[in-house]
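Here is the structure we will look at.
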Amino acid sequence: MYLEEDLDRQPVDAPTTRPRSPGRPLDPVLTDRLRERAATLLIERGSAGLTANLLAAHTRAGKAGIYRRWPDMRALEAELMERAELLPRPDTDTPPPLAVRALAESWTQPPTRSAQVAAALLGRASLDPTLRRALHGHLHDDLDAWWTGLGGVPAEDATVLHLARALLVAHWVSGPLDREVTATFVHLALRALEDRGRVTGVAADPSR
């Protein structure tokens, strides 16, 4: 069967400035397959285990097809980090107490595939500016948007958001968290929202 990536096989360590070659439109099915397998390799082997040779072998694709999509493996890692779904989308229809509890409950469950990818890339994010920006987008921009959607004020609720970021990363790296730990976040978050008039009765009933 014809494979676009079989046209021109290239060495693994292609330069990051390598231009993408024109030609046939990229096959979206193959692109998704490459992303999925790359995520699996990251989860199973870490960043060092994601190479063009290995990805090509595991997908029966040529390296030229990989390099037509990403100039190097670091660009692919950054895309996987950017596409990771690590937080609930802001939802104004969900009552704030339920949204807060749902996030906290997710931390008591096994990490999702996206969370496992994020965990595999955490170490490199401190050295790679592109990865660091993508990680910052999740831990700051996305979290701030989620909190704002509940009626919180990120600039004034730094303690709540700092704890949320710490628990997010701990969950990615260590797996399910103890409910006593997540309960602290729930209580702080609901107290902050109570101060903004978004929920009531938290001080009198900590279980809310």
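Some notes on this structure:
- Relative packing of 169-179, 146-156, 189-199, which averages over residues the other C-beta atoms within 10 Å, highest first: 189-199, 146-156, 169-179
- Our note on the geometry: Cα centres of the stretch 59-98 and the stretch 107-166, 14 Å apart.
- Whether the stretch 79-208 is rounded, prolate or oblate, judged on the alpha carbon gyration tensor where a/c under 1.5 counts as rounded: prolate
- Backbone phi angles across the stretch 46-53, fed through the Karplus curve with coefficients 6.51, -1.76 and 1.60 (θ = phi - 60°), yield HN-Hα couplings of x, 4, 5, x, 9, 10, 5, 4 Hz in residue order; Gly and Pro are listed as x.
- Listed by Cβ neighbour count within 10 Å, with the fewest neighbours leading, V100, V117 appear as V117, V100.
- By average C-beta atoms within 10 angstrom, highest first, the peptides 27-40, 58-71: 58-71, 27-40
Only the coordinates and a few stated rules stand behind these numbers; no lab work does. Quick caveat, the model's predicted, so the values are computed rather than measured. Here the Cβ is made from the backbone with ideal geometry for all residues, glycine too, and neighbour counts use every protein chain on show.
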